[in-house]
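**Student:** Before we start, here is the structure in question, set down as structure tokens.
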Amino acid sequence: MTNIVPIQAIASHVGEQVTIQGWLYAKTGKGKLQFLQVRDGTGIMQAVLFQPNLPPEVFESAKHLTQESAVIVQGVVKQNDRAPGVPGGYELDTTSLQTVQIAADYPITPKEHGVEFLMDNRHLWIRSRKQWALLRLRATVMRACRDWLDQHGFVEMSTPILTPAAGEGTSTLFEVDYFGEQVYLAQTGQLYNEANIYSFGKVYCFGPTFRAEKSKTRRHMTEFWMLEPEAAFCDLDQLMEIEEQMVSYVVQRCLDERANELKVLERDTSLLENVVPPFPRVSYDEAFERITAIRAQTADPELKEALTLEWGQDFGSPHETELTKQFDRPMFVYGFPTKAKAFYMEPWPNRPEVCKSVDMLAPEGYGEITGGSERISDPDLLLKRIHEEKLPAEAFKWYLDLRRYGSVPHSGFGLGVERTVAWIAGVHHIRETNPFPRTLGGFTPKMA
């Protein structure tokens, strides 16, 4: 068989006879010409069939191809600035066409479909061009996160999915029967990674996490992927430096490697080009004052109501959106009220009502993409907080041990992959940034 070439590399083979293997995305043509748009997982390109150049049965067989039919196409790569698909304009002057399978009538067509229909057919929807671009971008985000951390001395660790205790809050746990014992799907791998830092110094885990939040919003899923770095001898300021350096690197990698996909998504990349350190740092107190001022100045009654906030409450989507409108890149809000955050966060010196916590908020209304803190390193203080939160002390005995044997100041954060991808891609709802999303509304495809 002629040299098999992925479509994304086709520009390097102009004038050569090549083979592409894939599926029919769309077709047009009449008379002696047929135009097949073929996708192979790396991209889409046009194959041109000119009747005089092909055996009659081959040209005729192309007329019967249906959307998503599997094909193998051979031909000579030619440059054509007007050709759809591959950036730069390339097409295949077809010399041979092999039909692997004629697809049945495909349920997803160019016409408008409702979201419910598309989600029910998610296993097929991921083949569409926009979904393909989103998931390619997701893969790059995940790889870039790993690359930056690996290059900066972090070691990847695997943390348990089944855990005996809450990491964030008992109200959002999925219960699992573990041979007669009640355990939970992990909300976070953080607590285990705090053990890992005493062996490796800097670590991260990367995997699915579970939150039984009854939230039907564009920002929430019940199962999502989270990156969680943790570092010993690291305070809150050093943590923010790590976050802004890594997130900037990830965004620039996407701009460099996924320009075609971002174009498919019609993303305004000029907004992403601003994502370079340093990121603005605003205390919770200052952010509260800013939100209060915006609320006082607005004449929009709905916005005024949405921005209602008492000191001590965590920010919601409207608060985060208004805050980030004041900056052209992600921003940090640090020093949240203790009662709004998890039990393990280090108190602010001389202000026990405030903890050494930080959220990174993405611009353009995408809100929180990372949340982190400096962790409590004193065993007595940690035990006190466990009691105050009415958590089962016995389940955290091992966690307290970490503070008894060589405790040091340490910090970490979690980055939600789906929210980060939604922001970089410029899409409204995070359900499209996961191949098979799990939300409060259910999950698809369902297994019988």
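The values are calculated or read from the model by the stated rules, or taken from the named source; none is laboratory data. Keep in mind the model is a prediction, meaning the values are calculated, not measured. Because the Cβ atoms are built from the backbone with ideal geometry, glycine has one as well, and the counts that use them run over all protein chains shown. The area values use the complete protein model at the heavy-atom level, side chains included, leaving out ligands, DNA and RNA. Shrake-Rupley method; radii C 1.70, N 1.55, O 1.52, S 1.80 Å.
**Student:** Take the alpha carbon gyration tensor of the chain, find the square roots of its eigenvalues, order them as a ≥ b ≥ c, and report rounded if a/c is under 1.5; if not, report prolate when a/b exceeds b/c, else oblate.
**Tutor:** Details: a/c = 2.28, a/b = 2.05, b/c = 1.11.
Cα axes put the chain in the prolate bin.
**Student:** Follow-up question, since we're still on this one. Calculate, for region 21-153, the solvent-accessible area per residue in square angstrom, rolling a 1.4 angstrom probe over the heavy atoms of the protein chains.
**Tutor:** I get 49 Å² per residue for region 21-153.
**Student:** Given Cβ point charges of +1 (Lys, Arg) and -1 (Asp, Glu) and nothing else, what value in debye, to the nearest 20, does the dipole of region 219-282 about its Cα centre take?
**Tutor:** Numbers: 6 positive and 14 negative charges, 57 e Å.
With only Lys, Arg, Asp and Glu charged at Cβ, the dipole is about 280 debye.
**Student:** Same structure again: Among ILE376, ILE102, ILE44, whose mean-square fluctuation peaks in a Gaussian network model of the chain (Cα, cutoff 10 Å)?
**Tutor:** Top of the fluctuation ranking is ILE102.
**Student:** I would also like to ask the following. Mind jotting down the distance between the C-alpha centroids of region 228-307 and region 374-443, whole Å?
**Tutor:** Spelled out, the Cα-based centre of one part sits 20 Å from the other.
**Student:** Please compute the net charge surrounding GLU241, taking Lys and Arg as +1 and Asp and Glu as -1 over other residues with Cβ under 12 Å from its Cβ.
**Tutor:** Working: positive: ARG281; negative: ASP235, ASP237, GLU243, GLU244.
So the environment of GLU241 carries a net charge of -3.
**Student:** Right, next: If packing is taken as the average number of other Cβ atoms within 10 Å across a peptide's residues, how do 330-337, 104-111, 430-437 rank, most packed first?
**Tutor:** The peptides rank, most packed first, as 330-337, 430-437, 104-111.
**Student:** Run the accessible area of the chain with a 1.4 Å probe and give the carbon-and-sulfur part as a rounded percent.
**Tutor:** Exposed carbon and sulfur together represent 52 percent of the surface.
**Student:** Could you please state, rounded to a whole Å, how far the C-alpha centre of region 321-353 is from the C-alpha centre of region 116-187?
**Tutor:** So the separation of the two Cα centres works out to 25 Å.
**Student:** Which entries in LYS111/LYS304; LYS214/LYS390; LYS130/LYS202; LYS214/LYS341; LYS339/LYS397 show an alpha-carbon gap greater than 30 Å?
**Tutor:** Details: LYS111/LYS304 39 Å; LYS214/LYS390 22 Å; LYS130/LYS202 37 Å; LYS214/LYS341 19 Å; LYS339/LYS397 23 Å.
Table pairs above 30 Å Cα-Cα are LYS111/LYS304; LYS130/LYS202.
**Student:** For region 329-419, just say rounded, prolate or oblate: build the C-alpha gyration tensor, square-root its eigenvalues into a ≥ b ≥ c, call rounded for a/c under 1.5, and beyond that prolate if a/b exceeds b/c, oblate if not. Mind dumping the intermediate values first?
**Tutor:** Values: a/c = 2.15, a/b = 1.90, b/c = 1.13.
Prolate shape, in that a/c is at least 1.5 and a/b is the bigger ratio.
**Student:** Here is a follow-up. Please give the calculated 222 nm ellipticity per residue for the chain, where each DSSP H segment of at least 4 residues contributes -39500 (n - 2.57) and the sum is spread over every residue; nearest 500 deg cm²/dmol?
**Tutor:** -9000 deg cm²/dmol
**Student:** Name the residue, out of GLY414, GLY85, GLY180, whose mean-square fluctuation peaks in a Gaussian network model built on the chain with Cα pairs under 10 Å.
**Tutor:** GLY180
**Student:** Counting heavy atoms of the protein chains only and a 1.4 Å probe, report the per residue accessible area for region 191-302 as a whole number of Å².
**Tutor:** It amounts to 46 Å² per residue over region 191-302.
**Student:** Taking a probe of 1.4 Å, how large is the accessible area per residue of region 352-396, in Å²?
**Tutor:** 39
**Student:** Another question, then. Would you mind telling me the antiparallel percentage of the DSSP bridges in the chain, rounded to 5?
**Tutor:** So the antiparallel bridges amount to about 90 percent of the total.
**Student:** Next up: Amide H to amide H under 5 Å from MET345: which residues, 5+ apart in sequence or cross-chain, H placed 1.01 Å off N in plane?
**Tutor:** ILE376
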